[in-house]
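S.K.: I am attaching a structure below and will ask some questions about it afterwards.
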Amino acid sequence: MQNPNSITIAAKSKNPIKVKRFGYGTMRLTGEGVYGEPPNRPEALQILKQAIGSGINFIDTADYYGEDVTNRLIAEALHPYPQDLVICTKVGTTRKPDKSWITYNKPENLRSSIDKNLQTLKLEQITLVHFRVMQGSEVPFKESMDAMFEMQKEGKILHVGVSNVSAEELETALSMGDVATVENMFGHGQRNTSTSHYGENRGGEEVLAICEKNEIPLIPYFSLFTSMPKKDEKIATIAQKYNVTAAQVNLAWLLHYSPWILPIPGTSSLKHFEENLKAADLVLSKEDMEFLG
């Protein structure tokens, strides 16, 4: 089974953008607990440069990674940016000094986050911003989305996306404006709504179905870190068959599962980054996919 090697963001908008269907997520470039500086800063910068050098043109980040560590690394490693590079950031949460995550989704909070991203990334407009839904929010979803679409009208954001949404929330967002992308937890071992140590996975297969219907890329976060069970016998069998790693099979499975999935595996290891990249060349047969489910 072959899979397309590119995908279109905001396919139905006036400004569609085609990117390679294999991106890089920067979250793992931070310190322990997704906070503080990376333990190996030169390697972190090298991974970012290697990503661009290998043809990747989609990088996922957030100002609450660090705090603001990944954005500073991106700017240091890659600015001035290649013309075709899409930097995607997220807003809707922030961090406390104790490393806890709290909602930060009032309209004025979202505006503050966007301005912070623009300043650190040295941009006049952010190509793609996801509004990240946090559990326990007192701010209605529509109020936050109104603020996102307002900043899009002002030109601070080119395309608006959503993250960690339920199917109902995605439908609501679609009724309000163009949704370019969805970033939800999704992987071979995590395809359904469930609750884990990392919070509630708020929409798997049902969200993917809406994305496919509307030609919206689904960007899986934690596609390796959380969604992979510690021991997946089926993945291990295919990995042994092709003499590759379990992570590579997981990523290849995502690429084959739907042409509307855009994987963004993250790592702080240059060796693992290069291994992950090879997953894009791994061809799984129809029988392999039926076996994996």
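The values are calculated or read from the model by the stated rules, or taken from the named source; none is laboratory data. Please read these numbers as outputs of a predicted model, since none were measured by experiment. All Cβ positions, glycine included, derive from the backbone under ideal geometry; neighbour counts span all protein chains shown.
S.K.: Can you work out which of the residues in segment 151-165 that are closer than 23 Å to residue 215 by Cα and of a type outside the set (S, T, N, Q) is surrounded by the fewest Cβ atoms within 10 Å (Cβ to Cβ)?
M.R.: Once the filter is applied, the top-ranked residue is 153.
S.K.: Out of everything in segment 166-186 that is touching a Ser or Thr at 6+ places or on another chain (Cβ under 8 Å) and surrounded by fewer than 24 Cβ atoms within 10 Å (Cβ to Cβ), what residue ends up being modelled with the highest pLDDT?
M.R.: 178
S.K.: Here is a check on your reading of the model: is residue 143 part of a helix (DSSP H, G or I) and either among the β-branched types (Val, Ile, Thr) or in contact with a helix residue (DSSP H, G or I) (Cβ under 6 Å, 6 or more places away or on another chain) (or both)?
M.R.: No.
S.K.: Right, something else. So, residue 62, is that one small (Gly, Ala, Ser), part of a helix (DSSP H, G or I) and either within 15 Å of the chain's Cα centre (by Cα) or more than 25 Å from residue 178 (Cβ to Cβ) (or both) or not?
M.R.: No; evaluated as a whole, the condition is false for this residue.
S.K.: Looking at segment 1-36, which of the residues that are of a type in the set (D, E, K, R) and modelled with pLDDT of 95 or more is surrounded by the most Cβ atoms within 10 Å (Cβ to Cβ)?
M.R.: Looking at residues that are of a type in the set (D, E, K, R) and modelled with pLDDT of 95 or more, I get 21.
S.K.: May I pose another question? Could you tell me how many of the residues in segment 44-55 are in a loop (DSSP other than H, G, I, E, B) and in contact (Cβ under 8 Å) with a residue 60 or more places away in the chain?
M.R.: The qualifying residues number 1.
S.K.: For segment 258-273, which positions are assigned to a helix (DSSP H, G or I) and buried (at least 20 other Cβ atoms within 10 Å of the Cβ)?
M.R.: The answer is 273, and nothing else.
S.K.: Then there is this: Confirm whether residue 192 is at pLDDT below 95 and either part of a loop (DSSP other than H, G, I, E, B) or crowded, with 18+ Cβ neighbours inside 10 Å (or both).
M.R.: Against the criterion (at pLDDT below 95 and either part of a loop (DSSP other than H, G, I, E, B) or crowded, with 18+ Cβ neighbours inside 10 Å (or both)), residue 192 qualifies.
S.K.: Let me ask something else about it. Residues in segment 18-31: is at least one over 18 Å from residue 275 (Cα atoms) and part of a loop (DSSP other than H, G, I, E, B)?
M.R.: There is at least one residue in segment 18-31 that is over 18 Å from residue 275 (Cα atoms) and part of a loop (DSSP other than H, G, I, E, B).
S.K.: I'd like to know if segment 250-257 contains one or more residues that are at pLDDT 95 or above and outside any helix (DSSP H, G or I).
M.R.: No, every residue in segment 250-257 fails to be at pLDDT 95 or above and outside any helix (DSSP H, G or I).
S.K.: How many residues are in a helix (DSSP H, G or I) and within 20 Å of residue 112 (Cβ to Cβ) if we restrict to segment 146-180?
M.R.: So the answer is 9.
S.K.: Here is a further query. Mind checking which strands (runs of 3 or more DSSP E) fall wholly inside segment 70-110 and carry at least 1 residues that are more than 27 Å from residue 32 (Cβ to Cβ) and at pLDDT below 95?
M.R.: none
S.K.: May I pose another question? Given the structure, is residue 236 among the aliphatic types (A, V, I, L, M), surrounded by fewer than 18 Cβ atoms within 10 Å (Cβ to Cβ), outside any loop (DSSP other than H, G, I, E, B) and modelled with pLDDT under 95?
M.R.: Answer is yes for this residue.
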